[in-house]
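Here's the structure we're looking at; comments come further down.
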Amino acid sequence: MARTYVADIAGGTATVTVQCQASQTLKSATWSGVAAAAGKWELSYSSASQIGTAQPDSNVIARVSLGVLTSGGTIAVQMPINMPVKAFQSIYVHSTGTGNLGTLTLS
């Protein structure tokens with residue numbers, strides 16, 4: 001049975017490391033949270049963020065651009081991905097934008 005991974009995304013410029021527990025292919029990424037400032041969230045095989053790169057390399061699997069929600073509220077984005085991972089491999093969630101708190105669920 002495939003495992004689901006949940007990562008909390010901290011506000012500001014930060015990186016969350018997810019260590020995969022089994023070999024599998026992750027098929028879905030569901031991003032949810034509150035966008036308090038312009039910024040981005042990025043899912044990558046690389047420990048170094050490429051958010052500032054207009055044309056990232058193949059290590060970057062997905063990105064979500066965040067705008068300012070002046071009236072408050074939440075965002076939710078679900079996207080199909082095809083991300084093979086191996087047991088004990090680390091994958092990374094990079095973020096920018098002060099106060100952009102959220103959660104990424106990978107399954």
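None of the figures in this text is laboratory data; all of them are computed from the coordinates on show. Everything numeric in this text was worked out from a predicted model, so none of it was measured. When we count neighbours, we look across all protein chains shown, and the Cβ atoms used for this are built from the backbone with ideal geometry, even at glycine.
A few comments on the model shown:
- Residue within the stretch 96-104 that is touching a residue at least 12 places away in the same chain (Cβ under 8 Å), in a loop (DSSP other than H, G, I, E, B), buried (at least 19 other Cβ atoms within 10 Å of the Cβ) and in contact with a Ser or Thr (Cβ under 7 Å, 6 or more places away or on another chain) present: yes
- Within the stretch 1-56, the residues that satisfy the criterion of being hydrophobic (A, V, I, L, M, F, W, C) and without any contact (Cβ under 8 Å) to a residue 12 or more places away in the chain are M1, A48, A54.
- Test: residue in the stretch 70-77 that is closer than 18 Å to T17 by Cβ and in contact with a Ser or Thr (Cβ under 8 Å, 6 or more places away or on another chain): no
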